[in-house]
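Input: a single structure, listed below in structure tokens.
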Amino acid sequence: MSDAVKVVEKVAWILRDGDGRVLVARSHGKDAYYLPGGKPEPGESDRDALVREIREELGVVLVPETVAPAFTVRAAAHGKAAGTEVRMACYTAGHRGTPEPHAEIAELAWLDPAGPAPVSGATRAALDRLLG
């Protein structure tokens with residue numbers, strides 16, 4: 001039996017509104033919110049994965065040349081077996097369109113980074129980073 005940690009690589013988009021709140025999404029059948037994004041496909045760059053995932057999940061077009069790295073967080077994977085972690089590379093980017101739930105997304109919410117909310121561990125780590 002191995003004690004090796006399984007790491008799930010993800011990319012996420014950080015979008016803040018004028019009040020400093022952060023856009024989060026909840027998938028159908030899930031109990032926690034997370035930053036919009038997902039897993040890159042084999043051979044896909046983080047930028048391309050982020051643009052694809054945000055289009056699929058939110059119906060928004062990210063402007064590829066504005067995609068900029070913000071930071072990376074690592075946390076226990078929500079709802080996965082013990083020993084599974086998420087390494088989430090977070091990015092900012094300009095966009096066209098208004099975010100709306102698409103595909104597996106049940107709802108969107110704007111969260112105060114300092115407020116309590118049912119979020120995944122990686123999303124909590126990212127929100128904490130945004131607070132400084």
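The values are calculated or read from the model by the stated rules, or taken from the named source; none is laboratory data. Model, not experiment: these values are computed from the prediction. Reconstructed Cβ throughout: ideal geometry from the backbone, glycine too, with neighbour counts over all protein chains shown.
Annotation: ALA70 fulfils all but one of (1) of a type outside the set (Val, Ile, Thr); (2) under 22 Å from ASP128 (Cα atoms); (3) surrounded by 17 or more Cβ atoms within 10 Å (Cβ to Cβ); (4) out of contact with any Gly (no Cβ under 7 Å at 6 or more places or on another chain); the unmet one is (3). From the list GLY37, GLY59, GLY97, GLY83, the lone residue that is more than 20 Å from GLY132 (Cα to Cα), out of contact with any strand residue (DSSP E or B) (no Cβ under 8 Å at 6 or more places or on another chain) and small (Gly, Ala, Ser) is GLY59. Criterion applied to VAL63, VAL73, VAL86, VAL119 was being among the β-branched types (Val, Ile, Thr) and out of contact with any Lys or Arg (no Cβ under 9 Å at 6 or more places or on another chain), and the one residue passing it is VAL119. Does VAL67 qualify as being more than 21 Å from GLU107 (Cα to Cα) and at pLDDT 95 or above? Criteria met by VAL67. Condition test on ARG55, is it without any contact (Cβ under 8 Å) to a residue 12 or more places away in the chain, out of contact with any Gly (no Cβ under 7 Å at 6 or more places or on another chain) and on the phi < 0 side of the Ramachandran plot? Judged against the criteria, ARG55 is a match.
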